[in-house]
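The structure appears right after this line, and notes come after that.
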Amino acid sequence: MMRKTVTTKLLGSLRGFPSHRVNYAVNAVARELIKSRELENDELRPLYMDFQATTPMDPRVLDAMLPYQVNYYGNPHSRTHAYGWESESAMEKARKQVADLIAADPREIVFTSGATESNNMSIKGVARFYKSKKKHVITTQTEHKCVLDSCRVLEAEGFDITYLPVKTNGLVDLQLLEGTIRQDTSLVSVMTVNNEIGVRQPVEDIGRICRSRNVFFHTDAAQAVGKIPINVSDWKVDLMSISGHKIYGPKGVGALYVRRRPRVRMEPLQNGGGQERGLRSGTVPTPLAVGLGAACDIAQQELEYDHSRVSMLANRLVRKIMSEIPDVVMNGDPEQRYPGCINLSFAYVEGESLLMALKDVALSSGSACTSASLEPSYVLRAIGTDEDLAHSSIRFGIGRFSTEAEVDYTADKCIQQVKRLREMSPLWEMVQEGIDLKSIKWTQH
């Protein structure tokens with residue numbers, strides 16, 4: 001009864017909106033009601049298949065952190081007693097562990113609260129420092145929202161921002177990028193692995209182009225660090241954003257790699273005690289830094305095994321689904337990608353309806369940072385996906401702790417529910433009868 005009342009009120013408030021938006025809104029409300037009911041009833045939790053949103057903390061990371069939560073609680077910036085010294089030693093060990101994972105110098109690592117802060121620091125900090133001579137920044141239309149919003153803030157300050165389109169496979173056109181660089185370009189920001197469709201940009205080529213044109217290159221590597229081999233020198237990256245909770249570490253901590261030679265200058269976002277080489281004032285939280293360091297150390301040791309296993313599980317999932325269901329589209333380049341991020345569009349099925357039907361599997365219809373929006377994914381629209389297909393997309397995230405049984409269950413459940421939802425769809429029935437939906441002229445009443 002409650003769902004019917006809420007849905008009726010919602011429909012009344014959405015009169016005049018396109019039907020697909022109304023359906024999307026109704027499904028979103030229904031999902032919230034189901035969520036609250038499940039939490040109240042303490043039902044069994046769904047299995048987790050959303051490793052791009054966040055990862056569970058590795059127990060070995062927690063083991064490393066616990067002593068610094070209880071016994072070793074000194075301020076790492078206190079230089080006059082043992083409490084500070086032992087915390088500082090742990091912090092510097094963690095800094096080296098982060099640096100080793102990306103083949104950097106520990107002095108080039110700045111601890112932050114996460115990749116969002118690191119991205120803000122890089123884009124705003126570099127642009128503002130060099131604004132007297134350079135007022136142009138280049139990024140792409142498929143970047144994380146914090147990158148795009150940082151660029152919009154700079155636009156409001158008078159900077160000229162170029163949002164490069166990407167090709168239909170999600171990759172940057174290198175010739176277009178090189179042709180867009182100007183004399184007054186200070187920074188190019190392109191993410192390494194996309195958080196929604198998993199495509200891996202040609203960062204080595206981008207770094208080479210930027211270095212040859214004396215332009216700084218920043219990459220948001222939150223979805224790449226610890227999952228693919230990275231060497232910042234070989235890639236010619238000048239700034240790199242890292243997130244703790246994407247690599248089985250704690251939430252609330254990240255890092256920013258800032259190259260020392262050739263030196264990258266940037267204006268700090270927050271001021272204070274001058275910690276982290278003056279780039280990020282504030283007391284470094286030792287337990288979180290230790291956790292990030294431990295997560296990076298484990299990732300470095302197990303990177304090859306993790307990648308091989310995730311690839312196997314991803315291929316298993318995709319093969320199983322695509323062999324059983326027609327009209328399924330994999331979004332993004334099928335080769336240049338991180339295998340653990342799989343974005344599939346199921347034609348003639350509403351993505352929100354499918355998510356509700358798969359409520360015993362934790363999945364996503366896009367970025368966790370923008371999942372409350374009724375608009376289709378801007379990443380999918382940027383690669384030229386039709387609005388209907390964009391609304392039918394589901395992101396499957398596979399990680400270190402995923403099992404074959406979970407992958408098989410998810411695939412079987414997905415196949416079952418897509419077939420059920422299509423049987424209820426008049427569009428699917430028309431397609432089965434050989435009707436070309438694009439040839440139909442729909443009338444609005």
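The values are calculated or read from the model by the stated rules, or taken from the named source; none is laboratory data. What you see is a predicted model; the values in this text were computed from it and never measured. Note that each Cβ is placed from the backbone with ideal geometry, even for glycine, and that neighbours are counted across all protein chains shown. What goes into the accessible areas is simple: the full protein's heavy atoms, side chains included, and nothing from ligands, DNA or RNA. Shrake-Rupley method; radii C 1.70, N 1.55, O 1.52, S 1.80 Å.
Given the Cα-Cα distance of Val153 and Asp386 and 0.36 nm per residue of separation, how much length would full extension add, in nm?
Answer, rounded to one decimal: 80.9 nm.
Using the Karplus curve 6.51 cos²θ - 1.76 cosθ + 1.60 with θ = phi - 60°, what ³J(HN,Hα) values do you get for each residue of segment 230-237, in whole Hz, with x for Gly and Pro?
Whole-Hz 3J(HN,Hα) from phi for segment 230-237: 10, 9, 5, 6, 5, 7, 6, 8.
What is the angle, in °, between the Cα long axis of helix 2-13 and the longest principal axis of the Cα atoms in the chain? Nearest 10 is fine, range 0 to 90.
Here the helix axis deviates by roughly 90 degrees.
Tell me, what is the FRET efficiency for Arg277 and Gln432 to the nearest 0.05, using R0 = 60 angstrom and their Cβ-Cβ distance as r?
Plugging the Cβ-Cβ distance into 1/(1 + (r/R0)^6) gives 0.40.
Specify the residue with the greatest mean-square fluctuation among His391, His136, His77, computed from a Gaussian network of the chain linking alpha-carbon atoms under 10 Å apart.
In the Gaussian network model the winner is His77.
Stretch Leu66-Arg107 to full length: gain in nm at 0.36 nm per residue minus the Cα-Cα span?
In short, 12.2 nm is gained.
What ranking do 293-302, 407-416 get when scored by the average of other Cβ atoms within 10 Å per residue, highest first?
Highest-to-lowest ranking by the protection proxy: 293-302, 407-416.
When the chain is modelled as a GNM with alpha-carbon springs shorter than 10 Å, which of Asn195, Asn71, Asn169 fluctuates the most?
Looking only at Asn195, Asn71, Asn169, the largest GNM fluctuation is found for Asn71.
Under 14 Å from the Cβ of Ile197, count the other residues' Cβ atoms, weight Lys and Arg +1, Asp and Glu -1, and hand me the total.
Spelling it out: positives minus negatives among the neighbours equals +1.
Can you work out the FRET efficiency for the pair Arg79 and Arg260, with r the C-beta to C-beta distance and R0 = 22 Å, to the nearest 0.05?
After rounding to 0.05, the efficiency reads 0.40.
On average, how much accessible surface per residue is there in segment 220-273, in Å², for a 1.4 Å probe, leaving out ligands, DNA and RNA?
That works out to 35 Å² per residue.
In the chain, if the dipole is taken from +1 on Lys/Arg beta carbons and -1 on Asp/Glu beta carbons about the Cα centre, which of Tyr73, Ala222, Leu292 is farthest to the positive end?
Farthest towards the positive end: Tyr73.
Carbon and sulfur atoms: what percent of the 1.4 Å accessible area of segment 173-244 do they account for?
About 43 percent, which is the carbon plus sulfur part of the accessible surface.
How big is segment 75-188 on each of its three principal axes, counting only the C-alpha atoms and giving the largest first in Å?
Sorted from largest, the Cα extents of segment 75-188 read 54, 34, 24 Å.
Under a 5 Å amide H to amide H cut-off, with H placed in plane at 1.01 Å, what residues pair with Met191 once short-range neighbours are removed?
Hits under the 5 Å cutoff: Asp220.
If you count, for each residue, the other Cβ atoms within 10 Å and average over each peptide, how do 303-312, 250-259 line up from highest to lowest?
250-259, 303-312
What's the angle, to the nearest 10 degrees (0 to 90), between helix 404-423's Cα axis and the longest principal axis of the chain?
Long axis of 404-423 versus the principal axis of the chain: about 40 degrees.
Quick one: what are the phi-derived ³J(HN,Hα) couplings along segment 346-353, Karplus 6.51/-1.76/1.60 with θ = phi - 60°, whole Hz, x for glycine and proline?
Calculated HN-Hα couplings, in order: 9, 4, 6, 10, 6, x, 5, 5 Hz.
Return the whole-Å distance between the Cα centroid of segment 131-175 and the Cα centroid of segment 194-272.
Taking the Cα centre of each part, segment 131-175 and segment 194-272 sit 16 Å apart.
If you place +1 on the Cβ of every Lys and Arg and -1 on the Cβ of every Asp and Glu, how big does the dipole about the Cα centre of the chain come out, in debye to the nearest 20?
In total the dipole reaches around 1240 debye.
By how many degrees, 0 to 90 and rounded to 10, does the Cα axis of helix 82-101 deviate from the longest principal axis of the chain?
60 degrees
Excluding Thr142 itself, calculate the net charge of residues whose Cβ lies under 10 Å from the Cβ of Thr142, where each Lys or Arg counts +1 and each Asp or Glu counts -1.
Charge balance in the 10 Å sphere: -1.
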